[in-house]
Amino acid sequence: MNWQQIKVTNDATGCNLLTWLRSIGAPIVSECGGHGACGKCEVKVLSGAFSTPSGIATGGAVILACQAKLLGDEGEIAILHPRETAYTLTSDGTASVNAQNIDLSIALDIGTTTLEASAIDAVTDKRCAKATLLNPQATFGADVISRISAADNGDLQNLTAIVRSAAKELIDKLLEELKYDHSPSKIIIVGNPAMTHIFCGISPSTLGKYPFTPVFTDARKESGEILGYNSTEIILPPLASAFIGSDITTGAVCLKLCASPHPALMVDLGTNGEIVLWTGKKLLTTTAAAGPALEGATISCGIGGVKGAIYKLDYNSNGEVIYKTIGDAKPVGVCGSGLVEIIAHLMKTKEIDETGLLLNGDDYKITDNISLTQKDIRDFQLAKAAIRAAIELILKEANLKVEELKHIYLAGGLGSSVSPESAVKVGLIPHQASQIATQKGNTALLGAEQIIINPELLDTVDNIAKRCINLNLNDIPAFTTELMKQMWLENKDSFC
């Protein structure tokens, strides 16, 4: 078991143990935001005494940090599920030899689960390298609502410091890889509304309560000094609303969504599950509260899209399943696309039925230490049902049928590796979409790269943001019925 031992000093006496561990930067995971539901903040007591709801815990006891307080002056614990700090870095090999003859700018996508950055040479307009890192804000919860709640409860400054530190770490890795010893000229940062507010040090409180109003929507400029780069310009492109951030507006520009007279659908598969429908005349948007399962979070063996994450499966010459990992590394967990692929495989082999029930036990063994549980599958069903219900209802709002769409673009980290066939198999997208669905990957990052290459695109992003007409699914009585229908692990046409 991978433990990390930590001395709990007397300044923790009487404090919530999870809060104290956060304050010292310990790599503790708390996907539920400290409500005692996820079990990921388990620690083993090595010495000392801790009060818990079930009594006093001493040496050898396993407790939840979010439910414990230190008694006495000191103790020692072992974090049983430490947060991974692994990052994935790939180089396109175009710049390191002549690093001093290039002018680097950075595109950065701050996702709820993962941060992804790329280095662009402004001279050649080419990507030189790309890197990803798990968002360490996950210690405050796996989803946006948990982060907003933490900010409301006095942790805004901490959340801002954490994400800025992670951003700098990621950018520095890129610069180090390319042997570039200057500050980047420009950094374009995109993300959902909560992530961009927190990055700017602005409370996201108004995003989490009616009437759901962002503090800002226009493009913002920040000084590079906030990341330690004195000569760098930081630009955050416009948001559309409290629900649709610059990750989506830049993604729509990347896909040239509104440049065609034909209807098209963009499905950003992630924690928020943003859906963008271009009718040929109007731009409709909605957000499905998919939760973090599609990013690998809340899944017992889940992990973000970093090195070692299982992202797809294949078969060898004997017909045996081979699990593919990012970077061809030793498997460390399953990311969102791997989750979709594995469940689609279990449906094909009839090891899981259409209700989502595992038919050969309570879990499915993937490797010696990685398994998919029945609860994991239920979490996936909730996430995919939210996405699919949103697709059906936004099409109904526009009075369009799937057959009238020219394209369905699968975007986001999940949209770069999940196959349209598997997405159709599990009912994530309609079966009529199998021939028009295409993987587009992280369109938010690609859009940020395009802004670096062509700064005038910021005006196009602004135009897109102002054209978005948001559909609030909670205002639609049919949403709950559609959501329950789409829980089935088979492709169900809408009841509409």
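The values are calculated or read from the model by the stated rules, or taken from the named source; none is laboratory data. The shown structure was predicted, so the numbers you read here are calculated from the model rather than taken from an experiment. No Cβ is skipped: glycine too gets one built from the backbone with ideal geometry, and neighbour counts run over all protein chains shown. Heavy atoms of the whole protein, side chains included, go into the accessibility calculation; ligands, DNA and RNA do not. Shrake-Rupley method; radii C 1.70, N 1.55, O 1.52, S 1.80 Å.
Listing for the model above:
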| read-out | value |
| --- | --- |
| Test set (1) buried (at least 16 other Cβ atoms within 10 Å of the Cβ); (2) touching a His at 6+ places or on another chain (Cβ under 6 Å); (3) in contact (Cβ under 8 Å) with a residue 40 or more places away in the chain - K406 fails condition number | (1) |
| Yes/no for N491 being modelled with pLDDT under 90, part of a helix (DSSP H, G or I) and either more than 22 Å from the chain's Cα centre (by Cα) or over 25 Å from D379 (Cβ atoms) (or both) | no |
| Lone qualifier among I120, I148, I106, I188 - being surrounded by 24 or more Cβ atoms within 10 Å (Cβ to Cβ) and either part of a helix (DSSP H, G or I) or out of contact with any Ser or Thr (no Cβ under 9 Å at 6 or more places or on another chain) (or both) | I148 |
| Some residue of region 225-236 being open to solvent by less than 30 Å² (accessible area, probe 1.4 Å), assigned to a helix (DSSP H, G or I) and either closer than 19 Å to Q450 by Cα or touching a Leu at 6+ places or on another chain (Cβ under 9 Å) (or both) | no |
| The lone exception for G447 - which of (1) open to solvent by 60 Å² or more (accessible area, probe 1.4 Å); (2) touching a Cys at 6+ places or on another chain (Cβ under 6 Å) it fails | (1) |
| Test: Y311 is free of Cβ contacts under 8 Å to residues at least 24 places away in the same chain, aromatic (F, W, Y) and open to solvent by 50 Å² or more (accessible area, probe 1.4 Å) | no |
| All positions within region 156-170 that are surrounded by fewer than 20 Cβ atoms within 10 Å (Cβ to Cβ) and either more than 15 Å from I110 (Cβ to Cβ) or of a type in the set (D, E, K, R) (or both) | Q157, N158, R164, K168, E169 |
| One residue from D11, D73 being at pLDDT below 95, in a helix (DSSP H, G or I) and surrounded by fewer than 20 Cβ atoms within 10 Å (Cβ to Cβ) | D11 |
| Those strands (runs of 3 or more DSSP E) lying entirely in region 281-388 with at least 2 residues within 30 Å of C258 (Cα to Cα) | 283-287 |
| Close pairs from region 49-64: first part of a loop (DSSP other than H, G, I, E, B), partner surrounded by fewer than 14 Cβ atoms within 10 Å (Cβ to Cβ) and among the β-branched types (V, I, T), Cβ under 7 Å, at least 6 apart | none |
| Evaluation of K256 against (1) surrounded by 15 or more Cβ atoms within 10 Å (Cβ to Cβ); (2) closer than 30 Å to S419 by Cα (one fails), failing number | (1) |
